[in-house]
Every structure is written in structure tokens, then in C-alpha cells.
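A short reminder: the numbers here are calculations on the coordinates, not readings from a lab. Just so it is clear, the structure is predicted and the values come from calculations on it, not from any experiment. Quick reminder, even Gly has a Cβ in these numbers, built from the backbone with ideal geometry, and neighbours come from all protein chains shown.
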Amino acid sequence: MSPVRCTNNLAQGEAVLARPDPAALSHGRFVRLAADAPAQPGVYVLLIALATPIDIVLPREAPVTLPAGRYLYCGSAHGPGGLRARLSRHQRRGKTLRWHVDRLTEAGDVLGAWWFLRGTECDLVAGLASLPAPVPGFGSSDCAACRSHLLRWTDGARLPLPLRGEPSGVSPRGVSPSAAPGRAQGGRLA
């Protein structure tokens, strides 16, 4: 039996349990630059590289130290500007810390994102369920079923994500050292 995931109906303030949509992972694209994502609503898997360990402190939770490495954050973008605006925010430095993931994007390097026009962030988490979740509840405080919306992309782990548009330096085998130092500057990764 397939795992259960939630879909958040924020307008009505409720979470609905449903079966994951396996087709949700099949129609995405990888972009390094937020400007290359559509200004439409959708969901995304953000690729973040941490060069050094960081301490994460979530409200009402014990501190957790995240080791250096690659992390995937599954999120949604349904506000004005859609995916382009949300990914641009994630790439920007010096922002107000509003979401859990802001702590990572401020400390690490956003290397890009896979974006999808259909499905939910919970579909993405379900599709990546083989990866470890280092911080329970991270990014999923409004989600009744997901263990976390932050996953660790361990060395050698393969991702069931589409590879169309995947740039050099990012692959299922890892992020090459030449791809890791980038940072958003003026809408581009340096």
C-alpha cells in the first residue's frame, strides 16, 4: 500500500489525507537561476549545499546540528510571482527569517531547484522517502503526515527526479566541487 501524504488547503485551514500522485515527479525541470522558473504556482525541490555544519533551532524543539553536505527542501509556491518569486527569495541573502528553510539558505548555497507545475510538496517528499530526514518537522509544521520537508541527499543516493535541464555539476551521483561554491547574485549563481 502506498504511503499517505497530506495536501494542505490553507484557504480553508485544513489538511486532507490522500494517496501520493506518482506522476507528480515526472514533469519537472531543474534550474540554477530563479529567473528561469515560471511565474506560475507550483512545487519545488530546492538543492542546498552546506560547506560547514550549522545548528538548527526550531520553536519548541531541541537544537539539531546539520553536518556539511547536500540537502533537499520540498516546498510550494502559490503566492504572487509563483515559482520564480519563491526561488528568487530562497537565493537572496539577508532576508527576514520567515520559514524554517530560511536558516539553511542563509547559511548555505542554493545550487538550484527542480520545479513542477502539478502535485504537492508532500508528493515530492513521498517520492524522495528513501532519503533520511535529519530534522523531524522541518518545513512541515502545517503538515499532518510528512515526517519532514527537509531531506539529506547522501553520497551515492539516486533521486527519482527528472533530469531534463539538469546542468553540469549536478547529478544523482552528487554535486561536483566546481558547482558547490555558487551563490545568487543579481539573479545568477556566481
Handout entry: Under Karplus coefficients 6.51, -1.76 and 1.60, residue-wise ³J(HN,Hα) of segment 140-156 in Hz, glycine/proline x
Key = 10, 5, 9, 10, 7, 10, 6, 5, 5, 9, 10, 10, 9, 8, 6, 4, x
Exercise for the section: Name the residue farthest towards the positive end of the dipole of segment 63-144 from the options G81, L66, F116, assuming +1 on Cβ of Lys and Arg, -1 on Cβ of Asp and Glu, about the Cα centre. Expected result: G81
Exercise for the section: Would you grab the residues whose amide H sits under 5 Å from the one on I54? Only those 5+ places off in sequence or on another chain, please, with H modelled 1.01 Å from N. Expected result: L66
Practice task
Among the chymotrypsin sites (Phe, Trp or Tyr not before Pro) in segment 105-161, which ones are in a DSSP loop with at most 15 other Cβ atoms within 10 Å of the Cβ? Mind listing them?
Solution key: none
Problem - Derived scalar couplings ³J(HN,Hα) [segment 94-101; Karplus, 6.51 cos²θ - 1.76 cosθ + 1.60; whole Hz; x for Gly, Pro] - result: x, 7, 5, 6, 9, 10, 3, 5
Exercise for the section: Please work out how much length the chain gains when fully extended from D155 to R118, using 0.36 nm per residue of separation minus the C-alpha to C-alpha distance, in nm with one decimal. Expected result: 10.5 nm
